[in-house]
1. Using Rg and Dmax of the Cα atoms in Å as the read-out, say which of (1) 21.4, 67; (2) 24.3, 82; (3) 26.0, 84 was calculated from these coordinates.
2. Which FRET efficiency, nearest 0.05, do Asp84 and Val206 yield, Cβ-Cβ r, R0 35 Å?
3. Considering only protein heavy atoms, what per residue accessible area in square angstrom results for the chain with a 1.4 angstrom probe?
4. Which length gain, in nm to one decimal place, applies between Ala102 and Arg404 when the Cα-Cα distance is subtracted from 0.36 nm times their residue separation?
5. In region 168-280, carbon and sulfur make up what percent of the accessible area (probe 1.4 Å)?
6. Express in nm, to one decimal, how much length is gained between Asn213 and Arg52 on full extension, taking 0.36 nm for each residue of separation and deducting their alpha carbon distance.
7. Quick one: pull the percent of accessible area on region 292-414 belonging to carbon and sulfur, 1.4 Å probe, ligands and nucleic acids left out.
8. Output the pairs from Lys218/Lys335; Lys131/Lys366; Lys140/Lys277; Lys335/Lys373; Lys131/Lys373; Lys335/Lys361 with a Cα-Cα distance over 24 Å in this structure; if there are none, say none.
Amino acid sequence: MMPPAPTEVEGHMKITIIGAGYVGLTSGTCLAELGHHVTCIDMNEDRVARLRAGEVPIYEPGLQELMASNIQAGRLLFSADTVDGAADADAVFIAVGTPSLADGDIDLSFVQDAARGIARVIKPNCVVVVKSTVVVGTCKALREIIAEERGALDFSIASNPEFLREGTAVRDFLEPERVVFGSDDPRACAVLEQIYQPLADRGVTVMRTSNANAELIKYSANAFLALKIGFINDVANLCEQVGGDVSAVAAGIGLDTRIGSAFLSAGPGFGGSCFPKDTRAFAATGRKHDAPQGLIETLIEGNEARSRMLAERVLRELGSKANGATIAVLGLAFKANTDDIRDSPSLAIIPWLQKAGCRIKAHDPKAMTEAAKQLDDITFCDNAYDAARDADGVIVLTEWDEYRHLDLAKIAGTMRGALLADYRNLWLPSDMTDLDLTYLSIGRPTVSRASAAVQVAKPASRTVERAMTATSSAG
C-alpha cells in the first residue's frame, strides 16, 4: 500500500518549530521565506513577546529584516502555546538545545521533553522532524517516547540536520550546498521533499537517507571540518619552529581539489556552539558503541590546550613585565559576524592572562554584552584604538573585518608597549617592518624591533593571503 499523501502536496506546508533559539528562529524564518506557513513556539513568554514585536534576540546578519518581512506577510507567527501552535501542523520541527554533559555526551532532555509535549497534540500523519543536533539513535528513541505518550503510531519521525554557520546562517539555509534529511518512513520523506521543493527547484542537492545516516552525517561533517582546523594549527606550530609560513603552506595544499582551502586558516583554535560540543559528542558516541574515534579524541585535547599555549606565548614575550601589564584584547566572539562567545578562545586566554597579573581592556563590535556576563574585571572599550591606548600589548582573537583595516601606525603610536599578537593572521609580517612593534602571528616569522632593519621574507603574497580568508567555523 502506498503511504498517505502529504496534506498539501501541491501547496505550501503548515510547519511548527519547537524552540525559537538560534537554529529554530533561523530555520523557521527561512522556511517562511520559502513560502510555508510557520509557527515558532518557545516557552519563554518574554522572548515570544519580543519576537512578535520584530525584535531578534541574537545577532545574525539579515535575519531581522527577513523575519520582519515574513511576519508582515502573515507567514511567520510566534506562540508560547504548544497545543495551539502544533495541533494543525503537517510537520513539527524540534529545534531545542542539546548541551554537553560532563562525559562529552549530549543532554537530550530538552529534545525528549519537546517530543512528549507534542505527542498528544499533533494530528494523525504529522511528521516530527528532529532539527536539533543529536547523536545517532535519537530518532528511534523519540519514536518510542511519542508512541508511548500518544498510544498510537500514526505519525512519522525524521532527521533533518542543520548546517548553519553563525554569521552566514540565512544564506546557508536559503542557498545551501545540500539539504540532508533521513527517515525510515516513506511518508516522512515525501513531506520533507515537499518542504524543500523550492530549494530543489533552484538546483540544490537534496539527499534522502535513513534516520541513522542523517544523524551521523551531521556529526561526521563537523568532526572532519574541525580536524582540518586542528591539522593546520599543528602545521603552524611546526612552521614557527622551522621558519616556514603557514599561509603559504595552506595555500599550496588547498590547491589540491581533494583537500580544498576552506578551514585551513590557522588561528587560536575552534570554538562556538557546534565544533567543541559536536566533537566531544562524536567521541563519546564512539566510546559508547565500542568504535573509538582516536583522531577526534586527540583533536579535542589539542584544541583545549591551544588557548593556554597562546596565552603563555604572550607572557613569555612580556617576561618580568607581565605582572601588572595592560593587555588589549581585540575580539571576544568565537568568530566574526556573531555575538556568540560560547567556547570562544577569549574565555580561556583572558583568565589565563589575568592569573599572571595582567589587566585587560577589550573591544568587540558585537559580543561585549555577552562577554560581560562571563568575564570579570575587564574594561570594555568603544573601539580598538581606545583599547590599545596605553596598553603594553595587543592581542587579536577574532577576525572582524574592521580590524583588518586598522591604522597600525596609529595603534603603535598610542600603545605604551610594543607587543602585537595577531592570532588571526590579519596582516603580513612584511607590513610590520616600518613599525616600532614586536609582531607575533600564527605559523609565520616573528618581526621584532631588533630585526626591523633586516628585510623580512615575504613568502606569502597578498593574493595568497586573500585566498586564505576562508571561514574557519560552521554548524
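The values are calculated or read from the model by the stated rules, or taken from the named source; none is laboratory data. No experiment lies behind these values; they were computed from the predicted model shown. In this analysis, Cβ positions are derived from the backbone assuming ideal geometry, glycine residues included, and neighbour counts consider all displayed protein chains. To get the accessible areas, we keep the full protein, side chains included, count just its heavy atoms, and leave off ligands, DNA and RNA. Shrake-Rupley method; radii C 1.70, N 1.55, O 1.52, S 1.80 Å.
1. (2)
2. Details: r = 31 Å, r/R0 = 0.89.
Computed FRET efficiency for Asp84 and Val206: 0.65.
3. 43 Å²
4. Working: separation 302, 0.36 × 302 = 108.72 nm, distance 3.79 nm.
Full-extension gain reported as 104.9 nm.
5. Result for region 168-280: 56 percent of the exposed heavy-atom area is carbon or sulfur.
6. Numbers: separation 161, 0.36 × 161 = 57.96 nm, distance 3.65 nm.
Here the segment from Asn213 to Arg52 would lengthen by 54.3 nm.
7. Numbers: 2540 of 5570 Å².
Answer for region 292-414: carbon and sulfur cover 46 percent of the accessible area.
8. Working: Lys218/Lys335 21 Å; Lys131/Lys366 27 Å; Lys140/Lys277 22 Å; Lys335/Lys373 18 Å; Lys131/Lys373 28 Å; Lys335/Lys361 19 Å.
Beyond 24 Å: Lys131/Lys366; Lys131/Lys373.
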